[in-house]
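The values are calculated or read from the model by the stated rules, or taken from the named source; none is laboratory data. This one's a predicted model, so the numbers in the text were calculated from it and none came from an experiment. Using ideal geometry, Cβ is built from the backbone for each residue, glycine included, and neighbour counts are taken over all protein chains shown. Ligands, DNA and RNA are stripped out before the accessible areas are found, and what is left, the full protein with its side chains, is counted by its heavy atoms. Shrake-Rupley method; radii C 1.70, N 1.55, O 1.52, S 1.80 Å.
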Amino acid sequence: PLFDPFKAYLPVVNQRAFLLALESVVASLADDLETMCLLAGLHQEELPSQDDPLRFKLLLDALFGAFPLKKDPSYVDEFMEAHWPRLRNLLPEEIARLPQDQVADWLRGHLHRVRLNQRRHTPKILLHTKAERFGDEEWYSFAEDFPYDDDPIPGELADERNLDFPLERAGEFMSAFLGALSKSPVAMDAERATGGADSGASGSTDPAQETDVPDQFQDLVWDLEKVGLRNWLRMDTGDLERFLPKGQLATLRLVPDGESAKANVEGQISLDADDVEVAKLMLRCAARGRADLLDFEAVDPYKLLHGLPAREVDEELAELPANQHVSDDVLGDLVDAHTARLRSRDGRAAPRMDEEWLGQGATIEEIYRKELDFYRTAGPVEWVEGDRGEYSWKWKQPPNTFWDPRNQVYVQERKGVDPTLNLKEMRQHLLDMTRMNGMVKSGRISYFRAIVIVGNGKGVYGFGIGFGNTPKEARADAAVKALQNLDYIDLDVGRMLVTPTRGVEYKHTATIIPRPIGRGIRANKKFLPVLYILGLDNCKVKFMHNKWFTRMRALKRALDGIMSRRTLANMTGKRYSLLIAPGDHWVHWPDRWFQEIRKPYDAKHEHARLVRKHTLHFKKRGNTIATALELRPGWRKENWIRWNSPLDRWLQYRRRNQPSSAFDAAYSKDVVPPAAAGGRGAMPKPFDGD
């Protein structure tokens, strides 16, 4: 035929092929998990069947719950009898050979220390502070409870917000884990069964094979990091599972050659031969780093719309380097194995999913409805559904506004003071009081203008400009307006500012420069009340020009430029450890701490001054060194003589050897200058003879 039906199944829009490719990969991973469960000593009857839609999840739950341990030292004997014989086969041989009584004693002591440390103090790890039953869980968790074996807990575990997860060492951790697992009795038995004992004994193990799995795991971690792995690691596993969408999964069904794949049965998704080929194509593209199929010329919208020539997908794939860990044949075998598994079902329905588990989270329809409602209400326009299903739009009403029918616009309402505001914490300071004049019909009038700042000293502040017939009325009006226009400084409590800020309003400028912790505020003392009300500390504040009406706006621009590390972390997606200021790692200790230490040094300095006065008979000789106590160690200017000009060297020589007594004058006659001695930097030498 002139039209290729395969090209109609573009990979971009073929959802059935995508589901087949995804299920093929997950089924392969589930087979590996089933093998690990069998190595852990679980029986085949305890594992889910291959037709179970939640097979991968159930296998993970079975693997992580293969060795349950109650968080009570009295149940250690029961654990050792039921699970230790299976667990010791997975541990390194040095641990597996330990006596059972010795392991049981250590485990009792460990559980006792963990429970004692968790109940004695509040949770030290940030994630545990939000737990409802922290310390009272029934089952022991190695990841959550093991850090509490030490007291105090290591600092790097106390607040994971200030640390960066070592994702770059994921391959190293996996290599160490596999190295410990390879020394276990189960691994040695498997190696002997596969005939690898001789090669291991002879030392002919392939190094590339040993690093293949860690490299694959490292690549997986980097791929997951692109879609939010760092945020997942910060979440609680219970919250992560609770917010995942859940619902009944439709089963895949391969249709015969003569049947159309579009005739889907309820609860089933039909697949044909073209879907199988497209699924293999998707896996080949993903293995070469081209997960976004719109990057290929064959499905490029620009070339499709303009009819430009384009290469086929297979031609572009042939030019890309193949995946070093998995070949195209292996990916094709994954899809073929899963399709063979689908054919073997013979129309059997998949097992029903757990209704209790389905009711714990939101359904796919609820999430879709929520996203649809969000896009309907996003932006300045709101879409409203009519009685017949059609949609019409209207402008959103801005908050704190009312509709003016005459001008057909929304008018902002006058602000009032927030009734929930705690006025007991607020303080005010009068910045400026000016007598103003104005001309009206009846003549010239006079009134007062006041500029007031209010704040609580913790970052909440507001500027107000009030008017009144008397200074008292103007100040009261300004205070009310300041309370109506409160703002917040984005500060890091207890830490210095991240960057300096500068606000400009016409010619007036306000500059805020951070200082190390403990240095305090450096500013003109007349500005200290303003800075205390704002809550600033450890900074230097400078103003240019003296009109508060404009200076106030320049200061507000500078305050708006202050940004905390939390805001920067949310904007950039980086951890707090990557957002530091130059003074975060040093502190200016108070001078009073060093007063006792300074006393002997100050006494030595006073003694040197007194000796100088007596030596010079209380005369002023600023350029004369009178005693040896005044000599200071270090470099002198004469040490850099080789970089000076010949004239400078001669002057330095004269100053250094200028006679100060009769003996020095007699000796200087027997010394030749550096120019006569020869050499650019030669020192003068005495000589014999006239």
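Annotations
- Shown here for the stretch 377-426: GluC sites (Glu not before Pro) in loop regions (DSSP other than H, G, I, E, B) with at most 12 other Cβ atoms within 10 Å, namely Glu390, Glu413.
- Nearest-10 value in Å² for the accessible area of Phe618, using the 1.4 Å probe: 140 Å²
- Note on Val504 and Trp403: the extension gain reaches 32.8 nm, defined as 0.36 nm multiplied by sequence separation minus the Cα-Cα distance.
- Look at the dipole of the stretch 450-533 built from charges on Cβ: of Leu486, Met496, Gly466, the Cα furthest out on the positive end belongs to Met496.
- Table column - 3J(HN,Hα) (Hz), the stretch 470-482, Karplus curve with 6.51, -1.76, 1.60, x for Gly and Pro: 10, x, 5, 5, 5, 5, 5, 5, 5, 5, 5, 5, 5
- Using C-alpha pairs below 8 Å separated by at least 6 residues, the relative contact order for the stretch 311-397 is 12 percent.
- Of Lys394, Lys481, the residue with the largest accessible area leads and the full order is Lys394, Lys481 (1.4 Å probe).
- Taking the stretch 27-109 and dividing mean pair separation by its residue count, relative contact order in percent (alpha carbons under 8 Å, at least six apart): 27 percent
- Tensor-based shape of the stretch 405-553 (alpha-carbon gyration tensor, a/c under 1.5 rounded, otherwise prolate or oblate): prolate
- Simple Cβ-charge dipole of the stretch 253-392, Lys/Arg +1 and Asp/Glu -1, about Cα centre, in debye nearest 20: 240 debye
- R0 of 45 Å, Cβ-Cβ distance Leu308-Leu29: FRET efficiency to nearest 0.05: 0.65
- When Ile364, Ile513 are compared by accessible area of protein heavy atoms, the largest-first order is Ile364, Ile513, using a 1.4 Å probe.
- Within the assembled protein chains, the solvent-accessible surface assigned to Arg553 is about 90 Å², based on a 1.4 Å probe.
- Computed extension length for His429-Arg654: 74.5 nm, one decimal, from 0.36 nm per residue of separation with the Cα-Cα distance subtracted.
- Counting heavy atoms of the protein chains alone, Met174 has an accessible area of about 40 Å² for a 1.4 Å probe.
- Measuring r between the beta carbons of Gln100 and Met353 and using R0 = 41 Å, the FRET efficiency lands at 0.50.
- Net length gained if the chain between Glu137 and His43 were fully extended (0.36 nm per residue, minus Cα distance): 31.1 nm
- Prolate is the label for the stretch 334-476, because a/c, from the alpha-carbon gyration tensor with a ≥ b ≥ c as root eigenvalues, is 1.5 or above and a/b exceeds b/c.
- Phi angles of the stretch 500-507 translate, via the Karplus equation with coefficients 6.51, -1.76, 1.60 and θ = phi - 60°, into HN-Hα couplings of x, 10, 8, x, 10, 9, 6, 8 Hz per residue; Gly and Pro are given as x.
- The calculated FRET efficiency for Asn422 paired with Arg230, based on their beta-carbon distance and R0 = 41 Å, is about 0.65.
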